[in-house]
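The values are calculated or read from the model by the stated rules, or taken from the named source; none is laboratory data. From a predicted model like this one, the values you see are computed outputs, not experimental measurements. Heads up, the Cβs are rebuilt from the backbone with ideal geometry, glycines too, and the neighbour counts pull from every protein chain shown. With ligands, DNA and RNA removed, areas are computed over all heavy atoms of the protein, side chains included. Shrake-Rupley method; radii C 1.70, N 1.55, O 1.52, S 1.80 Å.
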Amino acid sequence: QSALTQPPSASGSPGQSVTISCTGTSSDVGGYNYVSWYQQYPGKAPKLMIYEVSKRPSGVSDRFSGSKSGNTASLTVSGLQAEDEADYYCSSYVGSNNLLFGGGTKLTVL
Amino acid sequence: EVQLVESGGGLVQPGGSLRLSCAISGFTFRNYWMNWVRQAPGKGLEWVAIINEDESVKYYLDSVKGRFTISRDNAHNSLYLQMNSLRVEDTAVYYCAKDLPRSGWSNDFWGQGTLVTVSS
């Protein structure tokens, strides 16, 4: 299976909102409410930011929110801050006992 | 504090073998599914394998089936990945990660990773 499709880059100014998309198929993103989003700084381990499409783990800022429509999931970062500059990856459970990740989006805070 | 610490990475020739370990602390290891996820240099994340609490369920990425084996030792809070017949394309940082139950294989805690380099 191919990786989920994410834009390679996204950007916004401090205080703005940015939305990153993650497009799959009806066999993955569209078929299950099991989309997750991870934040990764260079040289560091990923951090879970969103799971089950829109749930936030304890300790994750409410500036991060997730949603899904059809085969496309989205991560929105509101009130952009310099510390949000990182790579973001989506993932989706796939029914054939597989987990797919997106190619990643580099978020730049201008 | 939850901690996952990988070890065992290094340089290996194509066709060779390596065994990765992940030492876990800070949660009741025997109660959780566990994953291995890898990241090739400059590339994105790729799920490799998952194992359930008692080793009765194991799933693998198609490209590593028959070459990699995931296992665990609940008595010693350790997760393993035995990698045989290694290929150049297996070069990556390998992360162990704790599964978040009933979340569709989300991973809520990750180790810092161990680098595996397959090269002649």
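The residue that is nearest to residue B:34 (Cα to Cα), among those in the stretch A:73-110 that are hydroxyl-bearing (Ser, Thr, Tyr) and open to solvent by 40 Å² or more (accessible area, probe 1.4 Å), is A:96. In this structure, is residue B:87 over 24 Å from residue A:102 (Cα atoms) and among the basic types (Lys, Arg)? Here the answer is no, as residue B:87 does not meet what is asked.
Does any residue of the stretch A:75-92 turn out to be more than 10 Å from chain B (Cβ to nearest Cβ), of a type in the set (A, V, I, L, M, F, W, C), in contact (Cβ under 8 Å) with a residue 60 or more places away in the chain and part of a loop (DSSP other than H, G, I, E, B)? Checked against the condition, which is being more than 10 Å from chain B (Cβ to nearest Cβ), of a type in the set (A, V, I, L, M, F, W, C), in contact (Cβ under 8 Å) with a residue 60 or more places away in the chain and part of a loop (DSSP other than H, G, I, E, B), the stretch A:75-92 yields at least one hit. Condition check for residue A:37 on (1) without any contact (Cβ under 8 Å) to a residue 60 or more places away in the chain; (2) farther than 23 Å from residue B:42 by Cβ; (3) facing chain B (nearest Cβ under 10 Å); (4) not small (Gly, Ala, Ser): one failure, at (2).
Matching residues to (1) open to solvent by 40 Å² or more (accessible area, probe 1.4 Å); (2) in contact (Cβ under 8 Å) with a residue 40 or more places away in the chain; (3) within 28 Å of residue A:106 (Cβ to Cβ):
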position	(1), (2), (3)
B:35	no, yes, yes
B:40	no, yes, yes
B:44	no, no, yes
B:51	no, no, no
B:70	no, no, no
B:80	no, yes, no
B:88	yes, yes, yes
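Candidates A:12, A:70, A:31: the one that is surrounded by 15 or more Cβ atoms within 10 Å (Cβ to Cβ), of a type outside the set (S, T, N, Q), touching a residue at least 40 places away in the same chain (Cβ under 8 Å) and more than 23 Å from residue B:46 (Cα to Cα) is A:12.
If you go through the stretch B:55-74 one residue at a time, do you hit one that is touching a helix residue (DSSP H, G or I) at 6+ places or on another chain (Cβ under 6 Å), outside any helix (DSSP H, G or I) and more than 9 Å from chain A (Cβ to nearest Cβ)?
Filtering the stretch B:55-74 down to residues touching a helix residue (DSSP H, G or I) at 6+ places or on another chain (Cβ under 6 Å) leaves B:74.
Subsequent filtering for residues that are outside any helix (DSSP H, G or I) retains none.
No: zero hits.
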